[in-house]
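Asks: Submitted below is the structure of interest, expressed as C-alpha cells.
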Amino acid sequence: MVFDVDLIKHIYLGYLEKIKKIQIALGKPLTLTEKILYAHLAKGEALKPYQRGIDYVNFAPDRVAMQDATAQMALLQLMNSGRDKVAVPSTVHCDHLIVAYKNAKDDLHSAEQSNKEVYSFLRDVSNKYGIGFWKPGAGIIHQVVLENYAFPGGMMIGTDSHTPNAGGLSMIAIGVGGADAVDVMAGLPWELKMPKIIGVKLIGKLSGWASPKDVILKLAGILTVKGGTNSIIEYFGEGTHTLSATGKATICNMGAEVGATTSIFPFDQKSVDYLNITDRKEIADLAQSLSSCFKADDEVMEKPTDYYDQVIEIDLNHLEPHVNGPFTPDLAYPISKFAQAVAENDYPENMEVGLIGSCTNSSYEDLSRAASVIKNAHSLGLKVKSQLIINPGSEQVKETSDRDGIIANFEQVGAVIMANACGPCIGQWRRAGADKEPRNSIVTSFNRNFAKRNDGNPHTYAFVCSPEIVAAFAIAGSLTFNPLKDSLINEKGESVKLAEPFGDELPKKGFTLKDAGYTAPVSDGSQVKVTVSPDSDRLQLLAPFPAWDGKDIIKQPLLIKVSGKCTTDHISMAGIWLKYRGHLDNIANNMLIGAVNAFNKKTNSVIDPETGNYLAVPALARKYKAEGLGSIIVAEENYGEGSSREHAAMEPRFLNVKAIIVKSFARIHETNLKKQGMLALTFIDKADYEKIAEQDKISILGLTEFAPGKNLIVVLTHKDGSEESFEVSHTYNEAQIEWFKAGSALNKLKSEYTLS
C-alpha cells in the first residue's frame, strides 16, 4: 500500500525553485536542515535569516502521527478545537497499550479486551476527523511511519519523542506534545524556536561487531542527555552512505536521548533502495530527481565549521560497540572497557534478560544480525543463558522474518516472540518477580534506561546496546563478556568463539505482508458519533483550564523541591499508568510520585505544613486545590527530559500548580507547559535553588507586565516570616504569553475559531 503519493507530488512540485529562493534569501550555502525547515515556513512567514536558538518561527508540517497512549489526550483536545476534519494527513498507531507477558498472540488478545473502550474511542475519533488508524499488532509507530509515510524533504510532527526516527529517510520529524499536534491538525502554523545545528561527520565504514546503534551510543556519551537541546543533529560525510536506511533511522531515533529537536541524514542510494523495497518506487524516482535538495550544499561539506554551530567527527572504521547505562542513556562505555566498569561500579554481573526490539532497533536488518549470532552460538554447541525477548517492529518485519527463518532461529533457543509493539521499552512488561525489587541487570536494544522504566523495579540495572551485543550477552549470561575477544565453553567443554554478526540490510526476496493492519477513515465523518461514558475510568472529556486571573501569584505554598534527575517518567510514570492516559483526573494521581524530595530524599513524600505530616505529592496538591490554593514546583537541570508526554504538563495544571521553577528545561516539556497555560520559569542564578526552604510560600511578581525577555521576581516567605527575593527568566514570546493569559493554547485556539 502506498500512501500520500499525490500529497508528496504536490510538495515536490517547485521544491527545487524553493531551495534556490532560500539560498538567495539567506545569502549563503545551505545545510540540509536549513533547506527543509525554510521550505516549510508557514504561509505569511517571512523568508529571511532567522537567528538559531533565538527566533521563534512558524512552520507548516506535512503530516502528524500519534501513538495510542498520547493520541487519547491529543484527540480529546482536538474535539474541543472547533474543527470537523484534520487539515493535514494524520494517523493513530496502537502500539503502546499492549503489555508484554506471555507471547504475541495471547498478549494481543488480552490488549484488545482490556483496551476495548480506548481502541473504540480512537477508531471513532479517527473516522470522524479523517485520521488513518493502525490497529493493535500492526507495529510500532516509528517503524510503521518509516515503512509507509516518511519521505525525503518532508516535515512531520509526532506525539512521541522518538518521531525523529524518520530522519533516516531525510525527513525533518519532530516529537511534540498533543497540543502542538492539535494546532497542526487544526490547520494552524506550528511554532518552533529556530534550532541550532550540530554537524556530525561520519568517515569510514562499520565492520565486525560495530553497528549503527554504536554511532548514537558514542555520541550520547559526547553530548550528554542535554547536549543536543534546541539543536538538530545533521549527519554528513562519506560514512553516511555506508549505513542502511533503517540503521540511519536507529541513529536518528535515539537522538532524543541527547535532547535533540530531531536528527537527519542526507538522501542517498540506501534511501532509494529502502523506498523501492517498501513499494514506494514512484516516490524514490521523484526524490532522485531532486537529490540536490536533500543534502547539504557542497560548500558546507568543504567547510563545515563555517555552517554548523558545532562539528563532531566519528570514525566508523575504529568505532567499538558501546554499552550505555545504567539509569541514564548517556553513560557510554566502549565494549573493551565495560567489564572493568561492571567490576568497579559493582553492577550485577549476571544478565537476567536480553530484550531485542523497540522503535529504535526492530528492523529486518536488526533481527537478522542478532539472529545470526544466536544461530552461530547454536551451531557451536552454546546455550543461551539469559532469558531472551523479541519485539518485532512491524507486522511486515515479523512476517518477512518468519518467512526467512529468522524468527525460528530465536525460537529454537527458547526466545519469546512478543507482539509488534513497544512492550518492555516503555514499561509495558509484566515481568515476574519485579515487584520484589531484586537487584539485577538486563540488557536491551532500546533507547532509554531510566530507573524503574522497564519493569518498575528501581534495582533493575538496564543497559542499552545494539541487538547483536544483546544477543552475545544473552548467550554468555554475563556483562563481563566481550564477544570481540573472549571465548566461551560449550556443552562439550570446548572453548569456542562467536563469529562476527552478519545480516541483510533488506530481505533478498522482498518484504511480505498479508494484512498491514490499516483502516482508512470514512469519506464523511460528520455522522460518526464519539461517546465517552461519564462513568469511565479510562476516558474523560476535557474541561477548559481557567484563564489567568490578571494578578500576580502571591504566597502560594511550595509543593515539592525536586532533587536530581526529574524526567517525564518521574513526573508522570508510564507502565501501569498508561491505561489512564485518556483520563486526566485519574492519571493525575501519579504526578511526581517518582521525584525525589530534596528535604527528606524520599519519593512521593512531601510535608503538609498544616499538620506536619508527610503526604503523597498528588494528595497534597489536591488538598491545596480543594482549599482554593495553588502550589509551586521547584527542580534542577533538564526538567522533563525524556518522553514527549504532555500529561507531565497537564497533571500539574489540573492540580492547580501555578508555576514550575527550574535550573533548566528539556525542550519538549517546556513547550508542553506553555501550551497548557503553565508558568515555566528558570533560575538566573542557579544557586537560588538552594534558597528554597521546605515550608516556603512563594510569590511571583511582574505578571501584570509579562513580556518577552522581561524577567519576573520570585519572593520567598520563609516559615519564620523572613523574606528574600531573586529574579527568574523565561522564554515566552508574545503568542505564548497569550496562551498563558487565555489559560491554555487550546483556549486561545478555540476563541479564534469562535471569532472567525
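The values are calculated or read from the model by the stated rules, or taken from the named source; none is laboratory data. This structure is a prediction, so every number in the text was calculated from the model and none was measured. Note: ideal-geometry Cβ built from the backbone for every residue, glycine included; neighbour counts use all protein chains shown. What goes into the accessible areas is simple: the full protein's heavy atoms, side chains included, and nothing from ligands, DNA or RNA. Shrake-Rupley method; radii C 1.70, N 1.55, O 1.52, S 1.80 Å.
Asks: Express the C-alpha Rg of the stretch 1-43 as a ratio against the empirical globular expectation 2.2 N^0.38 Å, rounded to two decimals.
Replies: In units of the globular-protein estimate, the stretch 1-43 measures up at 1.32.
Asks: When you have a sec, figure out the Kirkwood radius of the stretch 558-646 from all distinct Cα pair distances and drop it here in Å to one decimal? Don't jump to the answer; show the numbers that get you there.
Replies: Numbers: mean 1/r = 0.0746 Å⁻¹.
It is 13.4 Å.
Asks: Would you compute, from DSSP H runs of 4+ residues alone, the mean residue ellipticity of the chain at 222 nm, taking -39500 (n - 2.57) per run and dividing by the full residue count, rounded to the nearest 500? Could you put the intermediate results ahead of the total?
Replies: Values: 25 runs with 231 residues, N = 756.
Calculated at 222 nm, the ellipticity per residue is -8500 deg cm²/dmol.
Asks: Under 14 Å from the Cβ of residue 603, count the other residues' Cβ atoms, weight Lys and Arg +1, Asp and Glu -1, and hand me the total. Can you show the working numbers first?
Replies: Working: positive: 452, 561, 565, 601, 602; negative: 437, 569.
Summing Lys and Arg as +1 and Asp and Glu as -1 gives +3.
Asks: Now for a separate question. What are the semi-axes of the equivalent ellipsoid of the stretch 300-444, taken as the square roots of 5 times the eigenvalues of the Cα gyration tensor, listed largest first and rounded to whole Å? Could the numbers behind the result be given before it?
Replies: Values: eigenvalues 173, 103, 59 Å².
Over the Cα atoms of the stretch 300-444, the ellipsoid semi-axes are 29, 23, 17 Å.
Asks: So if I restrict to the alpha-carbon atoms in the stretch 147-228, what is the Rg, and what is Dmax, the biggest pairwise distance, in Å?
Replies: Rg then Dmax for the stretch 147-228, in Å: 15.4, 49.
Asks: Continuing with this model, one more query. Taking 2.2 N^0.38 Å as the expected size of a compact globular protein, what ratio does the Cα radius of gyration of the stretch 570-726 give against it, to two decimals?
Replies: Numbers: Rg = 15.3 Å, N = 157, 2.2 N^0.38 = 15.0 Å.
In units of the 2.2 N^0.38 Å rule of thumb, it is 1.02.
Asks: Which of the trypsin sites (Lys or Arg not before Pro) found in the stretch 7-48 are in a DSSP loop and have at most 11 neighbouring Cβ atoms, other than their own, within 10 Å? List each step's numbers first, then the result.
Replies: Working: sites: 9, 18, 20, 21, 35, 43; in loops: 43.
In loop regions of the stretch 7-48 (DSSP not H, G, I, E or B), the sparsely surrounded trypsin sites (Lys or Arg not before Pro) are 43.
Asks: Across 10 Å bins from 0, what is the distribution of all Cα-Cα pair distances for the stretch 653-756, in whole percents?
Replies: Histogram of Cα-Cα distances, whole percents per bin: 14, 43, 31, 10, 2, 0.
Asks: Let me ask you something else. If contacts are Cα pairs under 8 angstrom and at least 6 residues apart, what is the relative contact order of the chain in percent? Before the final figure, lay out the partial values.
Replies: On the way: 1842 pairs, mean separation 103.3, N = 756.
Contact order relative to length: 14 percent.
Asks: Quick check: convex hull of the Cα atoms in the stretch 248-303, volume per residue, rounded to a whole Å³? Could you put the intermediate results ahead of the total?
Replies: On the way: hull volume 5.7 nm³, N = 56.
Output value, Cα hull per residue: 102 Å³.
Asks: Here's a follow-up. How about the stretch 590-641: which trypsin sites (Lys or Arg not before Pro) there are in a DSSP loop, with at most 14 other Cβ atoms within 10 Å of their Cβ? Intermediate results must be reported in sequence, preceding the final value.
Replies: Numbers: sites: 601, 602, 622, 623, 625; in loops: 601, 602.
Sparse-neighbourhood loop trypsin sites (Lys or Arg not before Pro): 601, 602.
Asks: Could you tell me what % of all Cα pairs in the stretch 23-119 have separations over 19 Å? Mind showing how you got there, number by number?
Replies: Details: 2889 of 4656 pairs.
So the pairs more than 19 Å apart make up 62 percent of the total in the stretch 23-119.
Asks: Here's a follow-up. Looking at the stretch 609-698, which GluC sites (Glu not before Pro) are in a loop (DSSP not H, G, I, E or B) and have at most 12 other Cβ atoms within 10 Å? Mind showing how you got there, number by number?
Replies: Details: sites: 610, 627, 636, 637, 641, 646, 670, 690, 694; in loops: 610, 627, 636, 637, 646, 694.
Counting only loop positions with at most 12 other Cβ atoms within 10 Å, the GluC sites (Glu not before Pro) in the stretch 609-698 are 610, 627.
Asks: I've got another one for you. Ranked highest first by average number of other Cβ atoms within 10 Å, how do 350-360, 121-131, 330-340, 439-449 line up?
Replies: Numbers: 350-360: 26.4, 121-131: 22.5, 330-340: 18.2, 439-449: 24.7.
Put in order of decreasing packing, that is 350-360, 439-449, 121-131, 330-340.
Asks: Turning to a different aspect of this structure: The stretch 366-501: D in µm²/s via Stokes-Einstein (Kirkwood Rh, Cα pairs, 25 °C, 0.890 mPa s)? Write out the running numbers ahead of the final one.
Replies: On the way: Rh = 15.5 Å.
So the translational diffusion coefficient is about 158 µm²/s.
Asks: Read phi for every residue in the stretch 680-692 and hand back ³J(HN,Hα) as whole Hz from Karplus 6.51 cos²θ - 1.76 cosθ + 1.60, θ = phi - 60°, with x for Gly and Pro.
Replies: Each residue's phi maps through the Karplus curve to give 10, 10, 10, 4, 6, 9, 4, 5, 5, 3, 5, 6, 6 Hz.
Asks: Next up: Over the chain, give the accessible area per residue in Å² for a 1.4 Å probe, as an integer.
Replies: Numbers: 26790 Å² over 756 residues.
With the other protein chains kept in place, the chain gives 35 Å² per residue.
Asks: Counting only protein chains, not ligands or nucleic acids, how are 573, 73 ordered by accessible area (probe 1.4 Å), most first?
Replies: On the way: 573 40, 73 0 Å².
Most to least solvent-accessible, the answer reads 573, 73.
Asks: Based on the Cα coordinates of the stretch 395-458, what is the per residue volume of their convex hull in Å³? Intermediate results must be reported in sequence, preceding the final value.
Replies: Values: hull volume 6.2 nm³, N = 64.
Taking only Cα atoms, the stretch 395-458 has a hull volume of 98 Å³ per residue.
Asks: Using only Cα atoms, what Kirkwood radius does the stretch 115-192 have, in angstroms? Don't skip to the end; give the middle numbers.
Replies: Values: mean 1/r = 0.0736 Å⁻¹.
That comes to 13.6 Å for the stretch 115-192.
Asks: In addition: What percent do you get for the relative contact order of the stretch 604-695 when only Cα pairs under 8 Å and 6+ apart count?
Replies: Numbers: 135 pairs, mean separation 23.8, N = 92.
Answer for the stretch 604-695 is 26 percent.
Asks: Within the accessible area of the chain, what % is carbon and sulfur when the probe is 1.4 Å and the other protein chains stay in place? Show your work: numbers first, answer last.
Replies: On the way: 13110 of 26790 Å².
It is 49 percent, rounded to a whole number.
Asks: For the stretch 698-753, calculate the relative contact order in percent as a whole number, restricting contacts to Cα pairs under 8 Å that are 6 or more residues apart. Spell out each step's value before the answer.
Replies: Working: 68 pairs, mean separation 14.9, N = 56.
Result for the stretch 698-753 is 27 percent.
Asks: Excluding residues fewer than 8 places away in the same chain, name every one of the aspartates and glutamates whose C-alpha is closer than 14 Å to that of residue 485.
Replies: 320, 500
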